[in-house]
Amino acid sequence: MHRRRTTPAETWRHPSRTPAACPPRRPGASGTVRPGPRAARPGLRAARPSFPGFPFKSLSLRLQVAPQSQMQLHYRSIDMIQFHHRGQRLFWLLALGLATGCTESAPSPDETSAVLAPLATEVSIFGATASPSILEDPDTVSVELGVKFRSSVPGIVSGIRFYKGSSANSGTHVGSLWSHSGQRLASATFTNETATGWQTVRFATPVSISANTTYVASYLAPRGRYSATSNAFANQGTTNGPLTALASGVDGANGVYLYGSGGFPTQSYQSTNYFVDVLFTSTVDTTTPSAPGALSAAASTAGAIQLTWAAATDNIGVTAYVLFRDGVEFTSVSGGVLTYKDIGLSPSTLYTYTVRARDAAGNLGPASNAASATTSSETPPPGLSLPRVAWEGGPSYYARFPAMAGTPWTSEDFFPIGYWGAYTDEEWRFSTDVAHGINTFLETYAGNENSAGWMRQYGIWNLAGTGLGGESVGTTFHDEADMWGGPGWNPWTGYVNEPGHDTCVPDQPRRCGYSVYNAQYAQLNNPNALIYANVGKGALMWQSDEERATFLSGADGPDPRAKWRLGVATGDIYFYTDGNIGAEAVNWFDIPAGEVRRAANYGEVLMAGLRAGASYGNNGNPRMPLGVVVELGGQATGSVINANQIEGAVWSTLIHEARLVAYFSHVFSESTANPFTPDVLNDTRAVYQATRDRVKKINAEVKSLARVLNTQSYVWQFNPNLSTMLKYRDNAAYVFAMQKRQFTSGTYTFTLPPELPASGTIEVIGENRTIPYSGGRFTDSFAAEYTHHKYRIQD
């Protein structure tokens, strides 16, 4: 996500990511320090001291660093902890940021297809109303900013445009067009600029470009202060007419830059849109593609027919194949696809198909030969014929690990519900944890010779053990090494924030997190163990996509030196109660300040980050089950999270494909509503009664829905303003929904997949109500930002 520019003082910078203040250098360093990037700064999160028997997970402290500052830690009782300052100043730099066939020679009659609109005379990628989220970035260093784009048709680029959000983006701006390999095809200097808005310059000689070829448009901002929107190209590109600014991953990362006095930009940070654009005119194309050849149709699985054909030709290129069933267009596929499986068909029925090719100009070629086939007499299996969400969890996954043999983990009735930071020194705690629905420990404290036996007795499975079997079904790596160790391969001393001992060599800036994981993997000496790890703000916020992927994808990631492979991973950023997240989320995730402390972010932001990091080089498919740790109480002083917010956060993670539920046991806020406790579920004070009761409710619902949650989800958009998950089990569809982050309440209409009954009654699970519906639609209300609903639709 971030981009790095190394200087003798180890200075980091990147467009749209400049911190508000410089972290101090460690003692003994001389000279001044220039501001580092947001990816490199520690924010206000303190390194957690290593203190035997006491968890410091995700503790945030607001630091006042001064020569005479002091830090001291006292225990008053098991209920209270008091922090004072004593010792050295804290000096950090963390980037620890899916019958019989016959073929006929005559085409099918009465084929109909929509005609594409003609191309505009001159077009650009971004419309006149496009508005950057950051109008003026505080970065003041000279930098070339660019965008990778393609045109679906040939044409000419006559100039460059860029968005100026502020008059501070000053100096001599030069626009350039580059080939994919870095050859400058044209450049021109901007003149007669306005104070703000879109600036345009035309080349002396327009440049011809080819269809479906990557080019880069850029401009030099000699004094920085550019406009930007982070993550704009992270999941999708931007298309206008024939032009597309590519999504990151189509041809490397998009949103590119190069610091200095100008040149071909190749670096990228957080798929940022720097609002650079082109002036493009298409070349008129009136030549139609040829007919596809050798179309064949054959009965496949129940209710399905498999089609194959030979490629058509075109003077520029085929961009799509349009498929017709019994003379009516029913779908299309991209120009590189020569097969299609038509599913959801009636049994013992004859269907006839033709295919036509279309080019980027919308020219539709003649039809192929007609091909017919009769579906088998079998009835299709239950389920939906929609695309599926990537699936990496459930019983079949855990059955891969020897230590899981014979355990409930290989049963579809089991869904992991974890407790991070469970105390295991007294038997009554196990009884209470089980009563709350906990079946897994993610991290344990104060264990003794009886702890393992109590786990077996109460049916709790330990992911923080040896991973050799029995109750110890997994083993764990050090918590949040991405933060306290940072991304890198420097030597690890074996210490974790121990007073008087360095953690990395050198210790500032810390760059030994990968060495920590490799060392722990080597010490494990058990390649068949399920390894669990939890990451924090480092991998999920401060660090680059590649650095995050190294921690989460390990040996399958971008760095060949990584030896480990994780079996389960979680992440934690406490959007409700972290003391610094209000500013950091605005800074790193571009979340508006008023939308930070919301349940939706636990799924929308954290699950998205985890899935991206765990799917490196695997076509967006995570290799392991993932989840998010949700806090049960305030973390920063005075912060509070209530039962409704906890429930919303948990279901947000599940709706975004979490394969386990996880809770953090400790509270540090010392507020009246959330007083300090190391173990919420075992704290009998009345102030935590509502939280304990709600955790029981959540976990009971999850357990009752385990068979549903352990099935692969379908891709379907019910309403663009809702986050939803669709599953199908036992002849019923299940829809899980909550509002997206920007909405706090509202009434929404759901559009159901056409395969489901168009009318009937929907059960709202756990709310003792039903909703009648018709026309394939139903409407429901969401009272607050944390509100979620679970629907069952009988098929």
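The values are calculated or read from the model by the stated rules, or taken from the named source; none is laboratory data. Predicted, not measured: the structure shown is a model, and the values here were computed from it. Cβ: placed from backbone, ideal geometry, glycine included. Neighbour counts: every protein chain shown.
Okay, here's what the table says:
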{"read-out": "Number of the exception - Trp651 against (1) in contact with a His (Cβ under 9 Å, 6 or more places away or on another chain); (2) more than 17 Å from Leu681 (Cβ to Cβ); (3) surrounded by fewer than 24 Cβ atoms within 10 Å (Cβ to Cβ)", "value": "(3)"}
{"read-out": "Leading residue by the ranking (nearest to Thr432 (Cα to Cα)) among those in region 446-463 that are assigned to a helix (DSSP H, G or I) and among the aromatic types (Phe, Trp, Tyr)", "value": "Tyr458"}
{"read-out": "Selection within region 676-687 - farther than 21 Å from Glu427 by Cα and within 33 Å of the chain's Cα centre (by Cα)", "value": "Phe676"}
{"read-out": "Pick from region 630-647, criterion farther than 19 Å from Lys697 by Cβ and not hydroxyl-bearing (Ser, Thr, Tyr), ranking: modelled with the lowest pLDDT", "value": "Gly638"}
{"read-out": "One residue from Asp314, Asp277 being charged (D, E, K, R), outside any loop (DSSP other than H, G, I, E, B) and crowded, with 17+ Cβ neighbours inside 10 Å", "value": "Asp277"}
{"read-out": "Per-region count, region 730-786, residues of a type in the set (Phe, Trp, Tyr), part of a strand (DSSP E or B) and touching a helix residue (DSSP H, G or I) at 6+ places or on another chain (Cβ under 9 Å)", "value": "2"}
{"read-out": "Test for Arg623: is it among the basic types (Lys, Arg) and over 19 Å from Gln742 (Cβ atoms)", "value": "yes"}
{"read-out": "Failed item in (1) in a strand (DSSP E or B); (2) within 19 Å of the chain's Cα centre (by Cα); (3) among the β-branched types (Val, Ile, Thr), with Val250 passing the rest", "value": "(1)"}
{"read-out": "Candidate set from region 731-743 (those that are within 22 Å of the chain's Cα centre (by Cα) and of a type outside the set (A, V, I, L, M)); member that is surrounded by the fewest Cβ atoms within 10 Å (Cβ to Cβ)", "value": "Gln742"}
{"read-out": "Residue among Leu386, Leu345 that alone is surrounded by 17 or more Cβ atoms within 10 Å (Cβ to Cβ), under 30 Å from Thr653 (Cβ atoms) and not assigned by TED's automatic domain parsing to the domain that holds Ala612", "value": "Leu386"}
{"read-out": "Leading residue by the ranking (surrounded by the most Cβ atoms within 10 Å (Cβ to Cβ)) among those in region 523-541 that are modelled with pLDDT under 95 and not in a loop (DSSP other than H, G, I, E, B)", "value": "Leu524"}
{"read-out": "Residues of region 366-422 that turn out to be on the phi > 0 side of the Ramachandran plot and in a loop (DSSP other than H, G, I, E, B), as a count", "value": "3"}
{"read-out": "Qualifying residue in region 466-474 (condition: surrounded by 15 or more Cβ atoms within 10 Å (Cβ to Cβ), modelled with pLDDT of 95 or more and out of contact with any Phe, Trp or Tyr (no Cβ under 9 Å at 6 or more places or on another chain))", "value": "no"}
{"read-out": "Options Ser300, Ser268, Ser290, Ser296: the member that is assigned by TED's automatic domain parsing to the domain that holds Gly255 and at negative phi", "value": "Ser268"}
{"read-out": "Flag if Ala593 is over 19 Å from the mean Cα position of the chain (by Cα) and surrounded by fewer than 22 Cβ atoms within 10 Å (Cβ to Cβ)", "value": "yes"}
{"read-out": "Condition check for Ser665: modelled with pLDDT under 95 and within 19 Å of Ala690 (Cβ to Cβ)", "value": "no"}
{"read-out": "Residue in region 201-222 that is of a type outside the set (A, V, I, L, M, F, W, C) and crowded, with 22+ Cβ neighbours inside 10 Å present", "value": "yes"}
{"read-out": "Candidate set: region 282-296, residues that are of a type in the set (Ser, Thr, Tyr) and over 21 Å from Asn369 (Cα atoms); chosen: the one farthest from the chain's Cα centre (by Cα)", "value": "Thr286"}
{"read-out": "Residue check, Asp507 crowded, with 23+ Cβ neighbours inside 10 Å, of a type in the set (Asp, Glu) and either out of contact with any His (no Cβ under 8 Å at 6 or more places or on another chain) or in the same structural domain as Ala583 (by TED's automatic domain parsing) (or both)", "value": "no"}
{"read-out": "Which listed residue, of Ser105, Ser113, is surrounded by 12 or more Cβ atoms within 10 Å (Cβ to Cβ), closer than 30 Å to Leu307 by Cα, at pLDDT below 75 and of a type outside the set (Phe, Trp, Tyr)", "value": "Ser113"}
{"read-out": "Residue within region 291-303 that is outside any loop (DSSP other than H, G, I, E, B), modelled with pLDDT under 85 and out of contact with any Pro (no Cβ under 8 Å at 6 or more places or on another chain) present", "value": "no"}
{"read-out": "Scope region 253-274; condition assigned to a loop (DSSP other than H, G, I, E, B) and of a type in the set (A, V, I, L, M); matching residues", "value": "Ala253"}
{"read-out": "Number of the condition not met by Val708 [criteria: (1) assigned to a helix (DSSP H, G or I); (2) more than 24 Å from the chain's Cα centre (by Cα); (3) not small (Gly, Ala, Ser)]", "value": "(2)"}
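Yes/no matrix, rows are residues, columns are (1) over 21 Å from Gly594 (Cα atoms); (2) in the same structural domain as Ala600 (by TED's automatic domain parsing):
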site: Val702; (1), (2): yes, yes
site: Tyr714; (1), (2): yes, no
site: Asp730; (1), (2): yes, no
site: Tyr734; (1), (2): yes, no
site: Gln739; (1), (2): no, no
site: Gly746; (1), (2): no, no
site: Phe750; (1), (2): yes, no
